[in-house]
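Heads up, the thing below is written out as structure tokens.
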Amino acid sequence: MNGSGKALIVVDVQNDFCPGGALQIKNGDLIIPLINRMMDRFDLVVATQDWHPQNQVSFASNNPGKNIYDQIDIRGIAQTLWPDHCVQGTEGAEFHDDLDLDKFSLILRKGRDPLVDSYSAFIENDRNTKTGLAGYLNALDVREIFICGLATDYCVYYSAMDSLRYGFRCNVIIDATRGVDVPEGNIDAAVSDMKNKGIGVISSDELLR
Ligand code: VGL
Ligand code: ZN
């Protein structure tokens, strides 16, 4: 299939990040109708799925004496600790029921290594291990990506920033994302950092009109 140069990347629209989930994001589910509509405008749509083993190092429960949202140091890399979420094979790890899965040409599962988390769709949190997504997009002649999904200040942010390393033009469809905002102000900080690096922060109207 020809990517026609542009791909939509749908990040982690899973039950655990939506209201009622283990790491729920306020109004996380409200972006789903927009995402479903935007998929029709792209020839290539890729989804990521956070897919952790129960013994994932980023779970506070696997770090005795530590609390949710604490930061730990893993071989020199800061890692935030989360509630158990998106455990492989659980309901929480499934895509939200309202999300249209039919247009996904690739579902990239990330965070599968017990010892290394992966926010980014491109490179794991050790900042070194590749997921292979850049190679896939390059093979299909994708030059520009449009990112939506959850969470604005974690997996969307890291994916957007890392895409630049591989030479993609990158846009974040900001109204089709929602963030965790931990620590407070993190969403605004992520958005200004992305803008400063030349990432387009656009609205879904620009694609849907
Ligand atoms: C995410 C925290 C932990 C995300 C995933 O999808 O943004 N955030 N795991
Ligand atoms: Zn995760």
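The values are calculated or read from the model by the stated rules, or taken from the named source; none is laboratory data. Quantities reported herein were computed from a predicted structural model and do not represent experimental measurements. Quick reminder, even Gly has a Cβ in these numbers, built from the backbone with ideal geometry, and neighbours come from all protein chains shown.
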For Arg178, are the conditions met, namely being closer than 26 Å to Glu206 by Cα, basic (Lys, Arg) and within 12 Å of the chain's Cα centre (by Cα)?
yes
Give me the residue from the stretch 41-63 that is out of contact with any helix residue (DSSP H, G or I) (no Cβ under 6 Å at 6 or more places or on another chain), closer than 30 Å to Lys6 by Cβ and of a type in the set (Val, Ile, Thr) and, out of that set, nearest to ligand 2 (Cβ to nearest atom).
Thr48
Considering the stretch 100-155 alone, what residues qualify as being within 13 Å of ligand 1 (Cβ to nearest atom), of a type in the set (Asp, Glu) and either in contact with a helix residue (DSSP H, G or I) (Cβ under 7 Å, 6 or more places away or on another chain) or free of Cβ contacts under 8 Å to residues at least 24 places away in the same chain (or both)?
Glu124, Asp153
Any idea which residue in the stretch 43-72 is nearest to Arg112 (Cα to Cα), counting only those that are modelled with pLDDT of 95 or more and of a type in the set (Asp, Glu)?
Asp50
